[in-house]
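Chemist: Below you'll find the structure I mean.
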């Protein structure tokens with residue numbers, strides 16, 4: 001298990017490598033401070049988003065129904081011409097990205113900022 005740490009001994013032996021390693025450690029401290037500030041702003045905007053959009057990103061599985069009061073019962077799904085229609089229950093559900101709690105809001109904001117995993 002300790003054999004994995006053996007390459008770290010070479011850092012002490014090579015002065016230029018030690019200088020690079022020290023620079024990386026110093027940079028990581030600065031990056032960590034920036035990350036804390038970023039998370040603070042992320043949290044502030046997530047709290048604001050929860051206050052503004054809590055519960056607003058829900059939908060009915062039947063696309064013809066727009067309101068929760070209408071979203072009850074069952075409806076037909078037509079998949080193809082060769083298959084008979086299927087009956088599915090209407091469910092009032094929330095979207096994958098929502099602002100119903102602070103953690104989900106932070107994840108949604110991060111997804112919006114990076115564009116990764118954002119539905120196209």
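Chemist: To the nearest 10 degrees, how steeply does helix 15-53 sit against the main Cα axis of the chain, on a 0 to 90 scale?
Modeler: In the chain, helix 15-53 runs at an angle near 30 degrees to the longest axis.
Chemist: Right, another one. How long are the semi-axes of the equivalent ellipsoid of the stretch 2-114, defined as square roots of 5 times the Cα gyration tensor eigenvalues? Whole Å, largest first.
Modeler: Values: eigenvalues 553, 100, 18 Å².
Its equivalent ellipsoid spans semi-axes of 53, 22, 9 Å.
Chemist: Using only C-alpha positions, report the orientation-averaged shadow area of the convex hull of the stretch 25-76, nm², one decimal. Please report the intermediate quantities before stating the final value.
Modeler: Values: hull surface 25.2 nm².
So the Cα hull casts an average projection of 6.3 nm².
Chemist: Right, something else. Grab the DSSP H runs of the chain that are 4 residues or longer, score each as -39,500 (n - 2.57), total them, divide by all residues and round the 222 nm result to the nearest 500 deg cm²/dmol.
Modeler: Estimated from H runs of four or more residues: -17000 deg cm²/dmol.
Chemist: Counting each pair of different Cα atoms once, what's the Kirkwood radius of the stretch 63-120 in Å, rounded to one decimal? All intermediate terms of the calculation are to be shown ahead of the outcome.
Modeler: Values: mean 1/r = 0.0699 Å⁻¹.
Value: 14.3 Å, from the Cα pair sum.
Chemist: Multiply the residue gap between residue 113 and residue 90 by 0.36 nm, knock off their C-alpha separation, and tell me the result in nm, one decimal place. Present the calculation step by step, with values, prior to reporting the outcome.
Modeler: Working: separation 23, 0.36 × 23 = 8.28 nm, distance 3.25 nm.
Contour length minus Cα-Cα distance gives 5.0 nm.
Chemist: Compute the long axis of helix 102-114 from its Cα atoms, compare it with the longest principal axis of the Cα atoms of the chain, and write down the angle in degrees, 0 to 90, nearest 10.
Modeler: It works out to around 80 degrees.
Each value in this text was obtained by applying a stated rule to the coordinates, not by laboratory testing. None of these values were measured; they are calculated from a predicted model.
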